[in-house]
Ligand code: LCS
C-alpha cells in the first residue's frame, strides 16, 4: 500500500506511484529499452539472483511499467499489480498460474467472448474441469461447487448483459472452502467498484477500456496480494510466457489514468441519461442497465457500485418496427448513427455501439449465447464523454429513420 492510499480517488490517480526521477522529470519517463547494462559480471549475477534490486531485461520488469503497476494497485486498493500486454493476457496469467489439471473452475455464464473461449476450450484441453453458472444466483453457485473447485471467475457487470453478482456473497462462500475468487472489473473500475474490498482474491482488467480511457492502447492488469502477484510476475505467465506491456503503452496508461475520476463520473452520468432515454423510447423493448430504478438488481448495484454504475448498457428493440424483425431493426439503427461509432471496445472518449451476437460474442455457441441473454436483437452501447444532448440527438435521428 503506498503513502497516498488514504487520499481521495482523484488525488491518488495523479499522485500514487513510487518513481522519483534522477533528472527531476515530473512526468514518468518512457524507459524504451529492451535490456539494462551491468557495470560488472558480479552485479549482473547479483541482480539475477535477486540479491540486489535492479532491472535486468524489460520482459521481466521495466521502470515505466512498474510505475503503472504501483498506480493501478493503489487505485484498486490492492497490495500489488502485474500489468500485461492485454486484458486477455491478464486473464491468461491468472488461469495459468493458479490452475492445474484436475481442478474445477466455475465461470460466470456470461463473460466476454474470448474469455468464454479460453475457459471453455483452452482450459479443458489441459485437463481443467469447467462449469458455467449464473453467479448472480448464489444458491445455484453454491450447488455448483465440487470438492475439486479451486476458482470462481466472473464479471460484474457481465459483458454484454450487464448482470450483477454480489461479490461479497460469493467471497463468503468461497472463503469457507478455500476457493479463489477472481473478478473481472473492466466494466466498473474504481471509483465505481472495489472487488478486493468486497473480499475477492484477484481483480483483473482490460486496461484497454476505462483505465487507459483514450482508445489508443491494448493492455491488462491483475491486482491482488503481494505473494500471489509475485507468483504471476516472477515465475509464471507474464514473465515466462511473455504477456508484457510495452513501456510506451505503460506511459500512455499512466497519462490516461490521471483523469480517471473525471472521466468515470461523466461516462456514468451519460450512461444513466442514455439508459433512461432508451427506457422511455417507444421502439425499445428492454434496457439492461443496473442503474435504472426498474432494474431488479438496482439495490445491489447501488451498494456495490457506489451509485455510479457504468457507462455501458445493452438494449433490445421491439419486434415489427417498419415490418422488420428486431434483429433487422437493430442493424439498421446502428447503420444510421452518425456520431456514435460502430466498434467493439468500450470506455473510449467517443460513444461506441456494437452487435454482440455477431461481434464480441460471435465465438460463443449460439445456444449458449441465447441462454445467457445475448440474443440476435441485442445492441451494446458504451457511453462516451460527448455532451449528452449530442449523443441523444444522434440516437433520436437514427430511431426516426427506422420508424418511417
Ligand atoms: N474482459 C472484459 C470484460 C472485456 O470486455 C475484454 C475485452 C477483455 C477482458 C479482454 O481485454 P483485451 O485483451 O481486449 O484488452 N472486451 C472487448 C469488447 O467488449 N469489445 O472489444 C473488446
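The values are calculated or read from the model by the stated rules, or taken from the named source; none is laboratory data. In this text, all values refer to a predicted model and were calculated from it rather than measured experimentally. So basically every Cβ, Gly included, is an ideal-geometry build from the backbone, and we count neighbours across all protein chains shown.
Take the residues of segment 132-156 that are within 21 Å of the chain's Cα centre (by Cα) and not in a loop (DSSP other than H, G, I, E, B): which is surrounded by the most Cβ atoms within 10 Å (Cβ to Cβ)?
152
Filter segment 311-355 down to residues that are within 16 Å of the ligand (Cβ to nearest atom) and out of contact with any strand residue (DSSP E or B) (no Cβ under 9 Å at 6 or more places or on another chain), then give me how many there are.
So the answer is 1.
Assess whether residue 271 counts as being over 20 Å from residue 76 (Cα atoms), within 16 Å of the ligand (Cβ to nearest atom) and buried (at least 18 other Cβ atoms within 10 Å of the Cβ).
Here the answer is yes, as residue 271 does meet what is asked.
In segment 304-329, how many are surrounded by 15 or more Cβ atoms within 10 Å (Cβ to Cβ) and in a helix (DSSP H, G or I)?
6
For segment 376-404: of the residues being without any contact (Cβ under 8 Å) to a residue 60 or more places away in the chain and buried (at least 17 other Cβ atoms within 10 Å of the Cβ), which is nearest to the chain's Cα centre (by Cα)?
Within segment 376-404, the match that is nearest to the chain's Cα centre (by Cα) is 376.
At least 1 residues that are within 17 Å of the chain's Cα centre (by Cα) in each: list the helices (runs of 4 or more DSSP H) lying fully within segment 174-290 that qualify. Even if it seems obvious, please write down each step before you answer.
Working: elements: 226-230, 247-257, 260-279.
Ranges flagged: 247-257, 260-279.
Output the residues belonging to segment 96-122 that are free of Cβ contacts under 8 Å to residues at least 60 places away in the same chain, within 15 Å of the ligand (Cβ to nearest atom) and under 21 Å from residue 232 (Cα atoms).
107, 118, 119, 122
Give 11, 35, 40 a once-over and let me know the one that is exposed (fewer than 13 other Cβ atoms within 10 Å of the Cβ) and in contact with a strand residue (DSSP E or B) (Cβ under 8 Å, 6 or more places away or on another chain).
The match here is 35.
Which of the residues belonging to segment 215-231 are within 14 Å of the ligand (Cβ to nearest atom) and farther than 14 Å from residue 83 by Cα?
Of everything in segment 215-231, those that are within 14 Å of the ligand (Cβ to nearest atom) and farther than 14 Å from residue 83 by Cα turn out to be 215, 216.
Tell me yes or no: at least one residue of segment 103-124 is modelled with pLDDT of 95 or more and over 25 Å from the mean Cα position of the chain (by Cα).
No; the residues of segment 103-124 include none that is modelled with pLDDT of 95 or more and over 25 Å from the mean Cα position of the chain (by Cα).
Can you tell me which residue within segment 68-95, out of those that are within 15 Å of residue 249 (Cβ to Cβ) and surrounded by fewer than 22 Cβ atoms within 10 Å (Cβ to Cβ), is farthest from the ligand (Cβ to nearest atom)?
The selected residue is 85.
I'm checking my understanding of the structure. Among residues of segment 193-214 that are more than 17 Å from residue 344 (Cα to Cα) and crowded, with 24+ Cβ neighbours inside 10 Å, which one is farthest from the ligand (Cβ to nearest atom)?
My answer is 200.
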